Each structure stands twice: as C-alpha cells, then as structure tokens.
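Engineer: Take this structure first; my questions come after.
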C-alpha cells in the first residue's frame, strides 16, 4: 500500500520536538530548527537526510523506491518514492534522519522511552 503525504506528516510529527515549516517550495520537518526531511507540495516523495553509507544501504535494499539525493555535488540523503514505500520504511528513514539532527539529550530521552525506561 502506497504511503501518502498525510502519513509522512503524521510519522514525522510523532518524533519528539518536531515542527513543520515551509522550506522554499516544500514543507520541511525540523528538530531544534534543523531540517531532517522535506516534502514537495505534490507529496509523491520525501527527502530524508541520512549518512552516505546509509544511503547506499537503503538504495541497495529498496531499488526503485529509495534513490540517492544529491545537493549539487554532495550526496545529502535519500529520495523516497512514496508510491512504492511502506510505512515501516518511511518511519525508519525519518527516525534515522531525525536522530542525526536531534541533540544528544533528546536522542537519549527518545531511546529511553523506546526501551520502556522513560516517562
């Protein structure tokens, strides 16, 4: 089942201290003001900013769904084509991208809650 823009928004905003804000002609999802994902208005894809080695792994595991995302000459993350993506995949990529931008303290609180150790 295809993932839609509303699902991407719900998954992104479920991450702690995430806010949605405009970014050029797209919407962006941010933690502490730092962008971890963007989505164009037509909503057919989402861009997530993960480490280059993760980009290669996701592209290899999900060909035709996850593509390299370049910013000029820099590999900056993954483009996820929502028509072929699953909710677990989008959730995982958004979470990985969020973790790169969140503070150490916020990541620790998130991990503690996920492990059942936190409030």
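Engineer: On a 0 to 90 degree scale, rounded to 10, what angle separates helix 104-114 from the longest Cα axis of the chain?
Structural biologist: Helix 104-114 sits roughly 90 degrees off the main axis of the chain.
Engineer: Hey, how many Å between the Cα centroid of the stretch 47-119 and the Cα centroid of the stretch 10-30?
Structural biologist: Using only Cα atoms, the two centres lie 14 Å from each other.
Engineer: Per the Kirkwood formula on distinct C-alpha pairs, the Rh of the chain is how many angstrom?
Structural biologist: 14.4 Å is the Kirkwood radius here.
Engineer: As a check on your grasp of the helix formula, calculate [θ] at 222 nm for the chain: sum -39500 (n - 2.57) over DSSP H runs of n ≥ 4, divide by the residue count, round to the nearest 500.
Structural biologist: -11500 deg cm²/dmol
Engineer: Expressed as an acute angle from 0 to 90° and rounded to the nearest 10, what is the orientation of the C-alpha long axis of helix 87-101 relative to the principal long axis of the chain?
Structural biologist: Roughly 70 degrees, rounded to the nearest 10.
Values quoted throughout were computed directly from the atomic coordinates according to the rules given, and no laboratory measurement underlies them. Being a predicted model, the structure only gives us computed values, none of them experimental.
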